[in-house]
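Visitor: First the structure, then my questions, so here it is.
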Amino acid sequence: MVSNLIPNTTYFYKVRAINATAGSPAAGPSSSRTQADIIPPTTPGNLHASGLSQSTITLVWNASTDDVGVTAYDIYVNGNLSGTVAGNVTTYQASNLINGRTYSFAVKARDIAGNASPFSNQWVGVPSLIGVNWKYYMGTWTSLPNFYALSAVSAGTLSIYSLSPKTVNFNYGFLFQGWLYFPVAGSYTFRLISGDGSKLYIDVPYSATATATLDNDGVHGDKTVTGSAQNYAAGAHSFAMTYFKSSGGTYGTLTLQWMTPQTNGQFVNIPNSSFVQNAVVGGAVPSAPSNLYAAAATAKKINLTWRDNSSNETGFQVFRSASAGGTYLAVGTVRPGVTYFGDSTLDGSTTYYYKIWAINQSGSSAYSSIASATTLALPRAAGRAGWSQRCGEGADGSQPELDK
């Protein structure tokens, strides 16, 4: 048997016998054509994000299967083809995204014959920063310089501000930028502790001339500066902090604390988990469809109908499972306003379970209730009337007459 061939393709073969001395003349050629592949891959499952930044979102999904083999996955962003990865790859990084903007993603699997699966579940997200961007500088200063006028030695992202990227113990500086997430609305007070100069900027874009939220500049030992209480809304606020270490004294130190409505009047170090943008998906998701009903049409098909309860959907996705509590995979998507779907890739005498949701650019609705139906039985193959399966005998044991 020869495997890994291309469907619907003619192949030619020659055969010869060989031994340790020589080979016989070849017999052939003989040809045969592989069958056409008309079966699409299964739907990629559980599409979600495994990581994001200010301009990228990394997607992962469960692999599809195919009777011949999955050769590629096509990734769609906001309904447009964004990229393609090989069939053995189940991750993709969408790049050059705009920070804070909402994006929708979906994936299709393809096989070598070009058959495409239904779309995966839709996933909607917003590129946003997790952690703190840092830039590291080297120089000799007695007060904070204009870092924008200098060339950084190195740069990167950390889960929290830190002096750990430094390569020397004196004559260096840092510019930290990112987002600080305020868990609740209310009064917040900041405290900045540093050995040598530092400044904090909350909701103030950094520049050398901007008025800092806290100013602890200059050459000095560990010094504490406490700001006045200010009211902030819950959510992400822009954050920047600068620091320099001079040529003398002890090694550099930098600590940022806050007193919040949740810290019982105490100053605490701001945790790593607060340095996130936590961008919110914009817009309103559709209302969930209702009255989902499933009815068997044939041994291969079940028809679905439902009620559309929204006016802002861009489509409905249909999900199917082999059991009520099992894994549901998308089997199709229909246009907005359409309230029916025919699932025609089924086996006879089998019960299938369905649920649907409405989707748009802002995300997906809640699922509908689950509906199920059992396909009809396949018709039994008809034999020659009056003749048994045993040796071609008739029901009375007689032999059939030959055609004359």
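Visitor: Quick one: Cα centre-to-centre distance for region 134-160 and region 244-271, in angstrom?
Guide: 19 Å
Visitor: Considering only C-alpha atoms, what is the centroid distance from region 295-332 to region 1-54, in Å?
Guide: Cα centroid of region 295-332 versus Cα centroid of region 1-54: 35 Å apart.
Visitor: Still on this structure, I have one more. Once you order the gyration tensor axes a ≥ b ≥ c over the Cα atoms, which shape class does region 132-274 get: rounded for a/c under 1.5, otherwise prolate or oblate by comparing a/b with b/c? Don't skip to the answer; put the middle values down first.
Guide: Working: a/c = 1.86, a/b = 1.60, b/c = 1.16.
Verdict is prolate for region 132-274.
Visitor: At 0.36 nm per residue, minus the direct Cα-Cα distance, what do Ala26 and Ala297 gain on full extension? Give it in nm, one decimal, please. Intermediate values should be presented prior to the final figure.
Guide: Numbers: separation 271, 0.36 × 271 = 97.56 nm, distance 5.47 nm.
Value of the extension gain: 92.1 nm.
Visitor: Here are a few candidate values for Kirkwood radius over Cα pairs in Å: (1) 22.2; (2) 21.2; (3) 27.3. Which one was actually calculated from the structure I just gave you?
Guide: Computed from the coordinates, Kirkwood radius over Cα pairs in Å corresponds to (3).
Visitor: Within the chain, how many Lys pairs sit with Cα atoms under 29 Å apart, leaving out pairs fewer than 8 places apart on the same chain?
Guide: Pairs that pass both the separation and distance tests number 15.
Visitor: Related question: Multiplying the sequence separation of Ala17 and Asn80 by 0.36 nm and subtracting their Cα-Cα distance, what value in nm do you get?
Guide: Taking 0.36 nm per residue and subtracting the Cα distance, the gain is 17.2 nm.
Visitor: Relative contact order, percent, of the chain when contacts are C-alpha pairs under 8 Å separated by at least 6 residues?
Guide: Normalised by residue count, the contact order of the chain is 12 percent.
Visitor: If you don't mind, there's one more thing I want to ask. Taking Cα pairs under 8 Å and at least six residues apart, what relative contact order does region 132-274 come out at, in percent?
Guide: On the way: 362 pairs, mean separation 43.4, N = 143.
Relative contact order for region 132-274 comes out at 30 percent.
Visitor: May I ask for the distance between the Cα centers of region 167-190 and region 342-381, given as a whole number of Å?
Guide: 52 Å
Visitor: Another one. Label-point separation (nm) for Arg335 and Ser164, each offset 7 Å from Cα along Cα-to-Cβ?
Guide: 5.5 nm
Visitor: Also: Between rounded, prolate and oblate, where does region 290-374 land on the alpha carbon gyration tensor, with a ≥ b ≥ c its root eigenvalues, rounded for a/c under 1.5, else prolate if a/b exceeds b/c?
Guide: On the way: a/c = 2.12, a/b = 1.73, b/c = 1.22.
Cα axes put region 290-374 in the prolate bin.
The numbers here are math on the coordinates, done by the rules we state, and not lab data. Keep in mind it's a predicted model, so treat the numbers as computed, not measured. Glycine also receives a Cβ, built like all others from the backbone with ideal geometry; neighbour counts cover every protein chain displayed.
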